[in-house]
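**Student:** Please find one structure pasted underneath; my questions will follow.
The values are calculated or read from the model by the stated rules, or taken from the named source; none is laboratory data. Because the structure is predicted, anything quoted here is derived from the model rather than measured. Cβ coordinates were reconstructed from backbone atoms using ideal geometry, including for glycine residues, and neighbour counts include every protein chain displayed.
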Amino acid sequence: VSRRPADGLSTFFYRRRRLYLWLLLTPPLLWFGVVFVGSLCALVWQSTYTFDDFTMQVTPDFTWANYQALARDANLDIVVRTVGMAIAVTLGCVVIGFPIAYYMARYTRGWTRGLFYVGVMLPMWASYIVKAYAWTMILSKGGVVYWIADHSGLRGLLDWLLTLPYIGGNSLSTSNLGRWLVFVYAWLPFMILPMHAAIERVPGNLLEASADLGARPWQSFQSVLLPLAFPGVVAGSIFTFSLTLGDYIIPQLVGPPGLYIGTMVNLQQGSLGNLPLAAAFTAVPIAIISVYLWGARRLGAFDAL
Amino acid sequence: MPSDPGRRPGRRRDDGPRAPWPLRIAAWGGLVFLHVPIVLLAIYAFNTEQSAFSFPPRGFTLKWFAQAAARDDVVAAIVLSLKVAAVATLCALLLGTLAALAMARRTFLGKDVITLTFILPIALPGIITGIALHSVFELGDVTPGFWTIAIGHTTFCVVVVYNNVVARLRRIPPGMIEAAMDLGANGLTAFRTVILPQLATALLAGGILAFGLSFDELIVTTFTAGHDKTLPIWLLNQLGRPRNVPVTNVVALVVMTLTVLPIIGAWWLTRGTEDTRGAIR
């Protein structure tokens, strides 16, 4: 067998696995190191720059003022409002999503399994802005929700719901209820898929064993399936939390006025040119998500991803 | 490959009890809920009525499609989005595959950190990636435009390619490569004739997912785009303009179709191999 130059090259790398490994890794590492990690560091760095309120200029003088500003009442309100919505959205996604995930994992087979799988995946991948746009049509006065409420005699109920504090408002599209609904819709598939993966991973014979030992179906569900499926719920909630904390489109389109972390960052960076404060604000979701990821890791939630 | 008893297909399917009816209603109801807005949007695109979102629709027409196709700004936005998605997908395919080849079977110090870095662009809120890139481009005096959008998109597209390719590589028995080499193939030949054919559908699926992800990304794009308008940005700008509602509806439907059809294709390609689940994020 004649030896070609490629043989020598391939043997060279085969014998030096480490060199080969780093050769492969260099381009992706360079990209992520320079573009992504580099820009994140630059962002954190700029959060300590000084913004002059009078001249509207940013100067590279070191200050903690932007972080101190986060503790102001108005800014704390923004954080509380956003985190509150993130919690409500996460709970909504769990309640609506769990039956779907559970049914998908335990009771579907063949074509229904495929139908559910594609049925959950499609809305997840369908354009985010298009979904948000569709909801502004659905919730508007004269839209489909009001039409159904009028024709089913539930208009009274809808109007009563909208008079409630916190969730109410002048109409569905300016109420927190409407905003919550859009958020839940938008992030629901991100919750269903990890929950489904976790439930599917629970071996069927554990449930059979539980039944053999005399547990009723509800007892088996509660004491065997739920604890084992919980990491999936946590994994899903990473997405619902992270996505709600950073979103700045849905709060603009649906719901009452009042800034969210995302809209505040966008406002400070965009119209006001106060990048340092915007950068300090991004530290809030980063901190929350980091703690969350750390806790989720300890729970073993990453296995459900 | 470690076997996972819970994943064995066929188990529990034989004699499982039927789902209780409240569960069935909740599950199917949830599935319907996920699709109502999409179906309504599709219906509205054919609505004859010009101005409002009123329900039910008044009549059927195709004229808005013609109007949308005649709009230069719509066509320009579609072309820009397609170009960005193509470039971002190619870069993500290259970077994601290289990383996957290096990391599929090896453990080394810092591997977890590297994996986390790949996931972060989609785990962190998009606004953070967006504003971080924006601030760096501003610091470096880079004019935002096509390339800055593509750089941002590549960053969060790498992970879907990486996930797909890693999942596939882990299923190729290492013995196959050794067998090829025992039979006289060098490393390159073994890669070309043994690994690459098995990677093909994973690459295609990863590429399609990356394309879909890039094509309708909005949050990062608004910070890196400058004056250029991708299709999602065009849509966002339309939301406050009641006069253009019919054209907006049509464009929304087109965007939806253009992202959803390839995704079904990607699912089809990897169905049964269980890695679409990992690939989704």
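**Student:** Quick one: which helices (runs of 4 or more DSSP H) sit completely within segment A:199-305 and have at least 3 residues that are touching a Lys or Arg at 6+ places or on another chain (Cβ under 9 Å)? Working first, answer last.
**Tutor:** Numbers: elements: A:204-212, A:217-220, A:226-246, A:250-253, A:261-269, A:275-299.
Ranges flagged: A:204-212, A:226-246, A:250-253.
**Student:** Does A:Met191 fit the bill of being touching a residue at least 40 places away in the same chain (Cβ under 8 Å) and either among the β-branched types (Val, Ile, Thr) or in contact with a Phe, Trp or Tyr (Cβ under 8 Å, 6 or more places away or on another chain) (or both)? Write out each step before concluding.
**Tutor:** On the way: touching a residue at least 40 places away in the same chain (Cβ under 8 Å): yes; either among the β-branched types (Val, Ile, Thr) or in contact with a Phe, Trp or Tyr (Cβ under 8 Å, 6 or more places away or on another chain) (or both): yes.
When the stated conditions are applied, A:Met191 passes them.
**Student:** Please work out which one of (1) outside any helix (DSSP H, G or I); (2) more than 14 Å from every other protein chain (Cβ to nearest Cβ) is the condition A:Tyr67 fails and give its number.
**Tutor:** Every listed condition holds for A:Tyr67 apart from (1).
**Student:** Next up: Which condition from (1) outside any helix (DSSP H, G or I); (2) within 14 Å of chain B (Cβ to nearest Cβ); (3) of a type outside the set (A, V, I, L, M, F, W, C); (4) free of Cβ contacts under 8 Å to residues at least 40 places away in the same chain is the one that A:Thr48 breaks?
**Tutor:** (4)
**Student:** Which of the residues spanning segment A:228-247 are of a type outside the set (A, V, I, L, M) and at the interface with another protein chain (Cβ under 9 Å from one of its Cβ atoms)? Spell out the reasoning first.
**Tutor:** Let us first name the residues in segment A:228-247 that are of a type outside the set (A, V, I, L, M), namely A:230-232, A:236-237, A:239-242, A:244, A:246-247.
Of everything in segment A:228-247, those that are of a type outside the set (A, V, I, L, M) and at the interface with another protein chain (Cβ under 9 Å from one of its Cβ atoms) turn out to be A:Phe239, A:Ser242, A:Thr244, A:Gly246, A:Asp247.
**Student:** Considering every residue within segment A:47-55, establish whether at least one is more than 33 Å from the chain's Cα centre (by Cα) and within 30 Å of B:Leu109 (Cβ to Cβ).
**Tutor:** Step one: list which residues in segment A:47-55 are more than 33 Å from the chain's Cα centre (by Cα), which gives A:52-55.
If we keep only those that are within 30 Å of B:Leu109 (Cβ to Cβ) as well, we get none.
Looking for residues that are more than 33 Å from the chain's Cα centre (by Cα) and within 30 Å of B:Leu109 (Cβ to Cβ), one finds none in segment A:47-55, hence no.
**Student:** Which pairs turn up if I take residues in segment A:212-238 that are under 19 Å from A:Met195 (Cα atoms) and look for partners that are charged (D, E, K, R) and part of a helix (DSSP H, G or I) with beta carbon separation below 8 Å, at least 6 apart in sequence or on another chain?
**Tutor:** A:Leu228/A:Arg201; A:Pro231/A:Asp303
**Student:** Is it true that A:Gly262 is in contact (Cβ under 8 Å) with a residue 40 or more places away in the chain, on the phi > 0 side of the Ramachandran plot and in contact with a Gly (Cβ under 8 Å, 6 or more places away or on another chain)? Outline the logic, then answer.
**Tutor:** Numbers: in contact (Cβ under 8 Å) with a residue 40 or more places away in the chain: yes; on the phi > 0 side of the Ramachandran plot: no; in contact with a Gly (Cβ under 8 Å, 6 or more places away or on another chain): yes.
It is false that A:Gly262 is in contact (Cβ under 8 Å) with a residue 40 or more places away in the chain, on the phi > 0 side of the Ramachandran plot and in contact with a Gly (Cβ under 8 Å, 6 or more places away or on another chain).
**Student:** To continue, here is another question. Collect the residues in segment A:58-79 that are among the hydrophobic types (A, V, I, L, M, F, W, C) and within 13 Å of A:Phe281 (Cα to Cα), keeping them in residue-number order. I'd like the intermediate steps shown before the answer.
**Tutor:** To start, the set of residues in segment A:58-79 that are among the hydrophobic types (A, V, I, L, M, F, W, C) comprises A:58, A:62, A:64-65, A:69-71, A:74, A:76, A:78-79.
Matches in segment A:58-79: A:Trp64, A:Ala65, A:Ala69, A:Leu70, A:Ala71, A:Ala74, A:Leu76, A:Ile78, A:Val79.
**Student:** While we're looking at this one, here's another question. For segment A:122-157, how many residues meet the condition of being assigned to a helix (DSSP H, G or I) and within 27 Å of A:Ile192 (Cα to Cα)?
**Tutor:** At the first step, the residues of segment A:122-157 found to be assigned to a helix (DSSP H, G or I) are A:122-125, A:128-139, A:144-152, A:155-157.
When the remaining residues are screened for being within 27 Å of A:Ile192 (Cα to Cα), the result is A:122-125, A:128-139, A:144-145.
Total meeting the criteria: 18.
**Student:** Continuing with this model, one more query. Anything in segment B:126-154 that is on the phi < 0 side of the Ramachandran plot and free of Cβ contacts under 8 Å to residues at least 60 places away in the same chain? List them, or say none.
**Tutor:** Matches in segment B:126-154: B:Ile128, B:Ala132, B:Ser135, B:Val136, B:Glu138, B:Leu139, B:Gly140, B:Val142, B:Trp147.
**Student:** Out of B:Leu188, B:Leu209, B:Leu204, B:Leu269, which single residue is surrounded by fewer than 22 Cβ atoms within 10 Å (Cβ to Cβ), over 29 Å from B:Asp72 (Cβ atoms) and at pLDDT 85 or above? Step through it out loud before you land on a result.
**Tutor:** Working: B:Leu188 fails: at pLDDT 85 or above; B:Leu209 fails: surrounded by fewer than 22 Cβ atoms within 10 Å (Cβ to Cβ); B:Leu269 fails: at pLDDT 85 or above.
Exactly one residue qualifies, and that residue is B:Leu204.
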